[in-house]
1. Please state the relative contact order of the chain as a whole percent: Cα pairs under 8 Å, 6+ residues apart?
2. Gap in Å between the Cα centre of region 1-56 and the Cα centre of region 130-154?
3. Please work through the chain and write down the cysteines that have no neighbouring cysteine Cβ at a distance under 4.7 Å.
4. Among DSSP bridges having both ends in the chain, what percentage is antiparallel? Round to the nearest 5.
5. Working from Cα positions, state the angle (0 to 90°, nearest 10) between the long axis of helix 79-91 and the longest principal axis of the chain.
6. Between SER79 and LYS269, 0.36 nm times their residue separation minus their Cα-Cα distance comes to what?
7. Can you give the alpha-carbon Rg of the chain over 2.2 N^0.38 Å, where N counts its residues?
8. What per residue convex hull volume, in Å³, do the alpha-carbon atoms of region 151-231 yield?
Amino acid sequence: MTFTTRFAPSPTGDLHLGHAFSALTAWDMAQAEGGVMRLRIEDIDQPRCRPKFEAAIFDDLHWLGLSWPEPVMRQSKRSAAYDAALAQLEAAGFIYPCSCSRGDIRQALSAPQEGTPAFGPDGPLYPGTCRGRLMATRQPGDALRLNMAKVMAHLGKTAFSFIETGPTYAGTHHVDPNHLLEKIGDIVLARRDIATSYHLSVVVDDAAEGISHVVRGADLFEATQLHVLLQFLLDLPTPVYHHHRLIRDVAGTRLAKRDKALSLSTLRKNGATPASVRDLVGL
Ligand code: GLU
């Protein structure tokens, strides 16, 4: 199998040093294995995406010396594939419609009997208000959630795992059903405003692009457990994962797109070179 990895940015802001580290790590691994790095534009959240940011992604990555096969996959063109995956989960009875707003969820979680709410990759764990609803009751604007307890009951003792090659968690990881129930819960798979979620689209697209190795930040390690579950439910192959360290600012905070100082465009304006960027991120 050809080593195939990808860099999958969202065009919602300028790329920063953390993105450069992620893209260069994926690129270096692909080079070392005689494989390819694909570029995927994760533009499902259309209201937040801007053509200028997409143009800057291509420009910054070319400047770093990276290249990728064309055409580039764009998530905004992939709704049929996401709908098919949702239909598969619906046929298995694993999803339900949900009309709760963030405010409704906050309110349900503030009820005294709920105790301290647990937090998952997308925020507080869903308290289950709409869990009993049938798909036939779906209204326009409803989100779709995974019924995690039902999925777990269905899987019974089935074990599934993934191989991790990153520095922090290297080894074979068995996904723990209790972890999925207690730390991830009824995750949103189709949003109120967008016909998919990051978790669903990334799983469907990694499979469609034949991604053999996913290289991503250690902050996504929790989400990866969910992605491996979704691959299992959708009969998709599980790639090898490599969660790399995170690039932090001087205060130790993970870089965000709103921090302009360490954006690649600012660094380039101030005279950085691809070699000095590699130095800055410790490559
Ligand atoms: N678009 C996601 C990001 O920029 C992709 C991460 C991933 O799935 O590896 O964080």
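1. Rounded, it is 25 percent for the chain.
2. 32
3. By the Cβ distance rule, which asks for a partner under 4.7 Å, the isolated cysteines are CYS49, CYS100.
4. Of those bridges, close to 55 percent are antiparallel.
5. Around 30 degrees separate the two axes.
6. Working: separation 190, 0.36 × 190 = 68.40 nm, distance 3.75 nm.
Taking 0.36 nm per residue and subtracting the Cα distance, the gain is 64.6 nm.
7. 1.04
8. Dividing the Cα hull volume of region 151-231 by its residues yields 116 Å³.
The values are calculated or read from the model by the stated rules, or taken from the named source; none is laboratory data. In this text the structure is predicted, and so the values were computed from the model without any measurement. Reconstructed Cβ throughout: ideal geometry from the backbone, glycine too, with neighbour counts over all protein chains shown. Note: accessible area is taken over every heavy atom of the protein model, side chains too, but ligands, DNA and RNA are not part of it. Shrake-Rupley method; radii C 1.70, N 1.55, O 1.52, S 1.80 Å.
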